[in-house]
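The values are calculated or read from the model by the stated rules, or taken from the named source; none is laboratory data. Since the structure is predicted, the reported quantities are computational estimates derived from the model, not experimental observations. Positions of Cβ are generated from backbone atoms using ideal geometry, with glycine treated the same way; all protein chains shown enter the neighbour counts. The area values use the complete protein model at the heavy-atom level, side chains included, leaving out ligands, DNA and RNA. Shrake-Rupley method; radii C 1.70, N 1.55, O 1.52, S 1.80 Å.
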Amino acid sequence: MKAITFVTQKGGSGKSTLCISLAVAAQEAGHTVCILEMDRQATISDWLDHRSAEGPEVAQIDVSRIDAVMECLRASAYDYVFIDTPGVDSAGTLAAIRAADLCIIPCRPTPADLRAFKPTLAAIYRLEKTFAFVLNQTPPRSYRIRDAADGLAVLGILPDVNIVARTDHQDAIGLGQGVTEFNPKGQAAGEVRRLWSWIERRMKAGKSLRDVGRRVMKHAEAA
Ligand SMILES: Nc1ncnc2c1ncn2[C@@H]1O[C@H](COP(=O)(O)OP(=O)(O)O)[C@@H](O)[C@H]1O
Ligand SMILES: [Mg+2]
């Protein structure tokens with residue numbers, strides 16, 4: 001069992017949306033998946049209320065239970081556990097980072113979002129966790145973003161695909177679906193499948209990125 005935690009202080013960056021659509025994409029790729037919801041905003045429970053398809057299983061958990069829940073899950077048959085966190089720096093968020101094999105930091109390409117991930121990155125770095133950024137809600141084509149992104153891609157902390165702002169994401173969640181179920185042939189679905197396959201490869205590679213973390217932290221502090 002591998003745990004993937006979606007984390008960043010910034011609300012609205014796409015933690016819950018990506019958590020859901022990637023969980024569905026992972027399930028479509030043949031994995032057994034469970035989602036742990038730690039956010040009281042309950043975006044995922046609300047999504048589940050509208051869902052008619054089977055799986056992934058969803059459990060709402062309180063921070064006080066995460067260690068016990070993770071211990072059970074580690075002995076379970078799930079291939080992946082996806083953890084959605086609230087957009088605040090809390091004990092729950094720290095526990096979710098600690099439980100992760102990989103932390104995903106969704107980030108919109110705005111100065112406010114780019115500034116907001118610093119404390120998250122610091123916590124991930126302190127806990128010596130592997131992480132990756134995902135640029136979300138990007139314009140369809142932006143050479144400026146791609147230029148900046150290429151440097152991070154080389155470090156293995158940025159996927160080779162950005163998630164473009166597309167209404168499919170909003171419509172899918174509203175109907176209790178992942179974006180790959182809502183419009184399987186759409187561009188949003190294609191991007192999410194590519195992102196999942198990058199994450200899967202990234203997790204298999206599993207090399208320590210402590211050194212990369214240190215370099216990124218230095219860069220973030222200087223910015
Ligand atoms: N790639 C995307 N394209 C369009 N809308 C998006 C995308 N990602 C997220 N959204 C929308 O942005 C809003 C915030 O996303 P959400 O996943 O709830 O963020 P968070 O969980 O980080 O607070 C939601 O209304 C969601 O539908
Ligand atoms: Mg959320």
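The set of residues in the stretch 46-60 being closer than 14 Å to residue 23 by Cα and small (Gly, Ala, Ser) consists of 53, 55, 59.
Is it the case that residue 150 is farther than 21 Å from residue 7 by Cβ, open to solvent by 50 Å² or more (accessible area, probe 1.4 Å) and modelled with pLDDT under 90?
Details: farther than 21 Å from residue 7 by Cβ: yes; open to solvent by 50 Å² or more (accessible area, probe 1.4 Å): yes; modelled with pLDDT under 90: yes.
Taking the combined requirement at face value, the residue satisfies it.
Quickly run through the stretch 32-90 and pick out the residues that are among the aliphatic types (A, V, I, L, M), closer than 21 Å to residue 12 by Cα and open to solvent by 70 Å² or more (accessible area, probe 1.4 Å). Of everything in the stretch 32-90, just one residue is among the aliphatic types (A, V, I, L, M), closer than 21 Å to residue 12 by Cα and open to solvent by 70 Å² or more (accessible area, probe 1.4 Å), namely 88.
Candidates 55, 30: the one that is without any contact (Cβ under 8 Å) to a residue 12 or more places away in the chain and not in a helix (DSSP H, G or I) is 30. Just give me the residues in the stretch 1-17 being among the polar types (S, T, N, Q), farther than 9 Å from residue 100 by Cα and surrounded by 24 or more Cβ atoms within 10 Å (Cβ to Cβ), in sequence order. The answer is 8, 13, 16, 17.
Assess whether residue 140 counts as being at pLDDT 85 or above, out of contact with any helix residue (DSSP H, G or I) (no Cβ under 8 Å at 6 or more places or on another chain) and part of a helix (DSSP H, G or I). Please lay out each step first, then the result.
Working: at pLDDT 85 or above: yes; out of contact with any helix residue (DSSP H, G or I) (no Cβ under 8 Å at 6 or more places or on another chain): yes; part of a helix (DSSP H, G or I): no.
It is false that residue 140 is at pLDDT 85 or above, out of contact with any helix residue (DSSP H, G or I) (no Cβ under 8 Å at 6 or more places or on another chain) and part of a helix (DSSP H, G or I).
Residue 168 meets the conditions (1) open to solvent by less than 60 Å² (accessible area, probe 1.4 Å); (2) modelled with pLDDT under 95 in every case but one. The failed one is (2).
Filtered by the rule that a residue be outside any helix (DSSP H, G or I) and open to solvent by less than 50 Å² (accessible area, probe 1.4 Å), the stretch 111-128 gives a lone residue, 117.
For every residue, the table says whether it meets (1) within 16 Å of ligand 1 (Cβ to nearest atom); (2) over 27 Å from residue 157 (Cβ atoms); (3) assigned to a strand (DSSP E or B).
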| position | (1), (2), (3) |
| --- | --- |
| 8 | yes, no, no |
| 11 | yes, no, no |
| 16 | yes, no, no |
| 19 | yes, no, no |
| 22 | yes, no, no |
| 25 | yes, no, no |
| 78 | no, no, no |
| 81 | no, no, yes |
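Just the residues that are within 11 Å of ligand 1 (Cβ to nearest atom), modelled with pLDDT of 95 or more and of a type in the set (Asp, Glu), please, taken from the stretch 27-50. 37, 46, listed by residue number.
Please verify whether residue 135 is open to solvent by less than 30 Å² (accessible area, probe 1.4 Å) and touching a Pro at 6+ places or on another chain (Cβ under 9 Å), treating the condition exactly as stated. Explain how you work it out, then say what you get.
Working: open to solvent by less than 30 Å² (accessible area, probe 1.4 Å): yes; touching a Pro at 6+ places or on another chain (Cβ under 9 Å): yes.
Criteria met by residue 135.
Restricted to the stretch 91-110, and to residues there that are at pLDDT 90 or above and in a helix (DSSP H, G or I), the residue that is most open to solvent (accessible area, probe 1.4 Å) is 98.
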